[in-house]
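The values are calculated or read from the model by the stated rules, or taken from the named source; none is laboratory data. Computed from a predicted model, the values in this text were never measured in an experiment. As a convention, Cβ positions derive from the backbone with ideal geometry for all residues, glycine included, and neighbour counts pool all protein chains shown. In case anyone asks, the SASA skips ligands and DNA or RNA and just uses the protein heavy atoms, side chains included. Shrake-Rupley method; radii C 1.70, N 1.55, O 1.52, S 1.80 Å.
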Amino acid sequence: MKKSNLWDDGTAVGINETMVSLIQNIVESPKKIKFVHKGKSLNFYWINNNYIIMEQQFQKKHIFSFTHSLLGFGEEVTNFYKLDQGENCVSKTKIGLSDSTYDSLRHMSLKALNKMIEDDSVEAQMKQFLQDFKDNGQEVIHVIFQNGQHLQTVLSFIPGNHYCWLPDAQKESKEVHFVSAKLDDFLSLIENVKIELLKTEVSSYSHSKVKRTSLLKKFSIYRGLKSFIQANLLLALTYIMLLVSKQQWEPNTNQIVVYIFMFEIGALIVSFMACFRPRVYKD
């Protein structure tokens, strides 16, 4: 950090004010768009109606830049996924796979997958899909559009050569469907979802509020158990003190047993009440 002039011994946190402001904007950003692929990520953090922070993360490096919110992400997304734009070399194709077949493809060995691709009995369109699926690490890429703590939209795709495969949801179908689409159409879809996200009001959902609500739950076994243990620790301390003067009270052992029994009943009642006692947090 010293080499990048981000370190500042004069500040309380040890980094300069520019970096502090950048981190604060990212953490407090109400809207985020995340592209993830093979250990890399391309993230966009909404600041206001004019600017967005773009973060490129790869090989433990983070590169930040500012971009205008109205500008498209086509070039950045194309470079990030190394997509080849151009004329679609695959005609409009639809692939249907059963859930079990799709799950098998995801966990299939490369040797078995290559054997399927080279099988002459497999249709050309299916071979192309399997090849693209293999080249993408046998996984579907997910693009996340986040509003507050809510996932507003998730777009999924598999990149191909000058095209991509998009999931095609079918109602009341037990199959997984993919349809080929031009990259330009897919990039336009990303842009439209981004515009919709930026126009949508910021979600009122607050992580801090949810956390506080969970902490202030009305019934808590933990609080009751904690109270019971504390009471028994006090009882154990009292018993140790009684052992010191055992000769004096030994003739009245029955009274001591009754005392311990009554104490345990009282501890159980108090512990049970503690389960319902709300815990107060000071802001």
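Remarks
- Candidates Phe133, Phe157, Phe145, filtered to the one that is hydrophobic (A, V, I, L, M, F, W, C) and more than 22 Å from Gly72 (Cβ to Cβ): Phe133
- Any hit, region 34-46, residues being among the polar types (S, T, N, Q) and part of a loop (DSSP other than H, G, I, E, B): no
- Residue tally, condition hydrophobic (A, V, I, L, M, F, W, C), out of contact with any helix residue (DSSP H, G or I) (no Cβ under 6 Å at 6 or more places or on another chain) and within 22 Å of His107 (Cβ to Cβ), over region 123-148: 5
- Note on region 47-76: residues that are part of a loop (DSSP other than H, G, I, E, B), in contact (Cβ under 8 Å) with a residue 24 or more places away in the chain and not hydroxyl-bearing (Ser, Thr, Tyr) amount to 3.
- Figure legend. Inter-residue proximity from region 88-108: first residues more than 15 Å from Glu123 (Cβ to Cβ) and open to solvent by 40 Å² or more (accessible area, probe 1.4 Å), second residues assigned to a loop (DSSP other than H, G, I, E, B) and at pLDDT 85 or above, beta-carbon distance below 6 Å, spacing 6+ or different chains. Indicated pairs: Arg106/Gln138.
- Taking the criterion of being under 21 Å from Ile195 (Cβ atoms) and either hydroxyl-bearing (Ser, Thr, Tyr) or touching a Lys or Arg at 6+ places or on another chain (Cβ under 6 Å) (or both), the residues of region 34-64 that qualify are Asn43, Tyr45, Trp46, Tyr51.
- Boolean, Phe145 is among the aromatic types (Phe, Trp, Tyr), in contact with a Ser or Thr (Cβ under 6 Å, 6 or more places away or on another chain), closer than 18 Å to Tyr81 by Cβ and crowded, with 16+ Cβ neighbours inside 10 Å: yes
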